[in-house]
Amino acid sequence: MNFFKRFLFALVAGLSLTVGYQFFSDVSLQGGFSNYWESRKRASELEEALRLVNAFYVESEPATLDALTESALAGMISDLDPYSEYLDFEKRKQLEEETSQEFGGIGVEVEMRDRVLTVVAPLVDSPGERAGLLRGDRIVEVDGESIKGLSINQSVSKLKGRPGTSVAIIVERGAENDRIDLEVKRELIEVDNVRGAEILDGDLGYLRISQFGKRTGTELKSSIDLLIDQGMRGLVLDLRNNPGGLLDVAVNVVELFVPDGELVVYTKGRHEAMSEEWYAENSGQTYNFPLALLVNPGSASASEIVAGALKDSGRAKLVGEKTFGKGSVQSVLPLSSKTGLKLTTAKYYTPGGYVIHENGIEPDVIVELSPKEEESLYIQRSRLKTMPLEEFVERYEFEPIEDKQLEMAKQLLWEELGETRS
């Protein structure tokens with residue numbers, strides 16, 4: 001009997017501790033007793049509203065408990081900000097697939113010409129090149145379905161799939177529109193994130209980072225070393241229209257230019273668990289040449305982390321236009337085994353304490369481009385070197401123009417080098 005009493009007492013004590021721990025944990029998460037009791041009160045109101053609508057709404061189908069619950073959750077989260085959302089079963093499954101699986105392609109650069117998906121150039125040693133695709137080929141069918149009239153994103157999505165699977169395409173080639181059937185086996189395509197490496201005016205280097213992928217840091221260092229071997233004394237790093245990418249890669253890029261142990265970026269949320277700091281780790285091995293960054297409203301997320309860190313540290317001059325202002329952290333919080341929340345839980349801060357989100361990074365020197373100039377420069381950067389000048393002018397109907405933002409960045413670098421050029 002004494003053993004049974006001791007066992008019962010221990011069981012009750014254990015349950016009390018568990019319930020008590022959960023209670024105080026919930027109170028802590030809610031920010032105190034006042035908020036906790038208020039949240040319980042509001043939750044009971046939502047529960048009562050759910051019951052009343054389910055019982056008395058005139059139509060039964062939209063008033064099922066499942067439909068009402070999902071609608072309430074989706075509406076509540078969507079009103080917070082553009083990046084937070086309720087993840088139903090399908091959305092959560094899609095998000096998990098996107099973050100865990102790899103998707104393959106055929107390895108060609110394409111554009112829309114006369115509303116037809118057209119090959120600009122196949123990547124070297126890509127599945128597309130090995131299958132025989134040529135510059136100028138017009139892709140008109142994919143797996144037996146016409147893609148004429150589809151947008152570029154819709155067309156490209158049909159070419160993508162799991163690595164190892166095959167896709168059947170029909171292309172039209174030449175002035176006679178000869179139709180050619182090709183079967184291409186998809187592969188995981190690794191596109192260079194660092195592009196356009198060249199020496200300008202004898203001793204200034206130029207590089208463009210298109211996005212921050214897994215290999216960006218390694219690619220950037222290799223490209224810089226090649227430019228140094230060619231006599232580079234200062235570098236223009238182009239982050240225009242770079243939508244971002246991986247945070248750790250952005251930190252790796254900053255590490256190439258700032259001292260070991262220097263703060264690169266930090267996050268702050270309402271809870272301590274959402275606050276974190278990232279510091280440079282490079283054992284003192286950094287590049288010390290003058291540095292200028294090109295930014296514009298298309299520079300977002302990881303691009304802004306790099307720009308903010310290098311600006312605050314005084315390591316680089318920023319030239320162009322204010323960046324996009326996407327500097328928030330989204331966390332996936334499970335509600336059940338099938339649903340969850342993608343919720344903004346923190347914001348990114350530059351080393352100087354500046355909030356990136358909804359503010360963007362202001363350049364040191366503002367040089368604005370008109371929409372027409374920006375469009376022309378985009379075409380010029382990606383197409384001019386792929387064809388003779390005469391063909392370029394005939395196809396795109398404009399002469400190459402001066403990149404005013406790049407020219408200003410060069411002037412700043414020459415000033416830092418103690419030179420005056422025009």
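For residues that are at pLDDT below 90, basic (Lys, Arg) and touching a strand residue (DSSP E or B) at 6+ places or on another chain (Cβ under 9 Å), tally how many sit in segment 386-421.
1
Among the numbered conditions (1) assigned to a helix (DSSP H, G or I); (2) touching a strand residue (DSSP E or B) at 6+ places or on another chain (Cβ under 8 Å); (3) surrounded by fewer than 17 Cβ atoms within 10 Å (Cβ to Cβ); (4) not polar (S, T, N, Q), tell me where Lys311 comes up short.
Lys311 satisfies every listed condition except (3).
Could you list all residues from segment 228-268 that are crowded, with 20+ Cβ neighbours inside 10 Å, aliphatic (A, V, I, L, M) and not in a loop (DSSP other than H, G, I, E, B)?
Within segment 228-268, Leu235, Val236, Leu237, Val249, Ala250, Val251, Val253, Val254, Val264, Val265 meet the criteria.
Find the helices (runs of 4 or more DSSP H) located wholly in segment 84-201 whose residues include 2 or more that are loosely packed, with under 13 Cβ neighbours inside 10 Å, and list them.
89-100, 152-159
Filtering segment 107-150 down to residues that are without any contact (Cβ under 8 Å) to a residue 24 or more places away in the chain and of a type in the set (Ser, Thr, Tyr), which residue is nearest to Ala175 (Cα to Cα)?
Among those residues, the one meeting the criterion is Thr118.
Which members of segment 50-83 meet the condition of being part of a helix (DSSP H, G or I) and in contact (Cβ under 8 Å) with a residue 12 or more places away in the chain?
Those that are part of a helix (DSSP H, G or I) and in contact (Cβ under 8 Å) with a residue 12 or more places away in the chain: Leu50, Val53, Asn54, Leu65, Leu68, Thr69, Glu70, Ala72, Leu73, Ala74, Ile77.
Take the residues of segment 396-412 that are on the phi < 0 side of the Ramachandran plot and free of Cβ contacts under 8 Å to residues at least 12 places away in the same chain: which is surrounded by the most Cβ atoms within 10 Å (Cβ to Cβ)?
Gln411
Gly325 - would you say it is under 17 Å from Tyr83 (Cβ atoms), assigned by TED's automatic domain parsing to the domain that holds Asn242 and not in a strand (DSSP E or B)?
In short, yes.
Exactly one of (1) at negative phi; (2) part of a loop (DSSP other than H, G, I, E, B) is unmet by Thr345. Its number?
In the conditions (1) at negative phi; (2) part of a loop (DSSP other than H, G, I, E, B), Thr345 misses (2) alone.
Just to verify a result, which residue in segment 346-365, among those that are among the hydroxyl-bearing types (Ser, Thr, Tyr) and buried (at least 18 other Cβ atoms within 10 Å of the Cβ), is nearest to Leu412 (Cα to Cα)?
Per the criteria, the residue is Thr350.
For every residue, the table says whether it meets (1) among the basic types (Lys, Arg); (2) modelled with pLDDT of 95 or more; (3) within 30 Å of Val251 (Cα to Cα).
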residue: Lys326; (1), (2), (3): yes, no, yes
residue: Gln330; (1), (2), (3): no, no, yes
residue: Leu343; (1), (2), (3): no, no, yes
residue: Asn359; (1), (2), (3): no, yes, yes
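Please determine whether any residue of segment 290-308 is in a loop (DSSP other than H, G, I, E, B), farther than 21 Å from Glu321 by Cα and either under 22 Å from the mean Cα position of the chain (by Cα) or assigned by TED's automatic domain parsing to the domain that holds Val329 (or both).
Checked against the condition, which is being in a loop (DSSP other than H, G, I, E, B), farther than 21 Å from Glu321 by Cα and either under 22 Å from the mean Cα position of the chain (by Cα) or assigned by TED's automatic domain parsing to the domain that holds Val329 (or both), segment 290-308 yields no hits at all.
Give me a count of the residues in segment 202-221 that are over 23 Å from the mean Cα position of the chain (by Cα) and outside any strand (DSSP E or B).
Residues meeting the conditions: 2.
Give the residues of segment 118-154 that are on the phi < 0 side of the Ramachandran plot and among the charged types (D, E, K, R), sorted by residue number.
Listed by number, the residues that qualify are Glu129, Arg130, Arg135, Asp137, Arg138, Glu141, Glu145, Lys148.
State whether one or more residues within segment 269-288 are crowded, with 16+ Cβ neighbours inside 10 Å, in contact (Cβ under 8 Å) with a residue 24 or more places away in the chain, closer than 15 Å to Ile356 by Cα and within 18 Å of the chain's Cα centre (by Cα).
Looking through segment 269-288, none of the residues is crowded, with 16+ Cβ neighbours inside 10 Å, in contact (Cβ under 8 Å) with a residue 24 or more places away in the chain, closer than 15 Å to Ile356 by Cα and within 18 Å of the chain's Cα centre (by Cα).
Residues that are within 30 Å of Leu335 (Cα to Cα) and modelled with pLDDT under 85: does segment 103-125 have at least one?
Checked against the condition, which is being within 30 Å of Leu335 (Cα to Cα) and modelled with pLDDT under 85, segment 103-125 yields at least one hit.
Is it true that some residue in segment 328-344 is touching a helix residue (DSSP H, G or I) at 6+ places or on another chain (Cβ under 8 Å), under 25 Å from Arg208 (Cα atoms) and surrounded by 17 or more Cβ atoms within 10 Å (Cβ to Cβ)?
no
The values are calculated or read from the model by the stated rules, or taken from the named source; none is laboratory data. Quick caveat, the model's predicted, so the values are computed rather than measured. Neighbour counts are summed over all protein chains in view; Cβ atoms, including those assigned to glycine, are modelled from backbone coordinates with ideal geometry.
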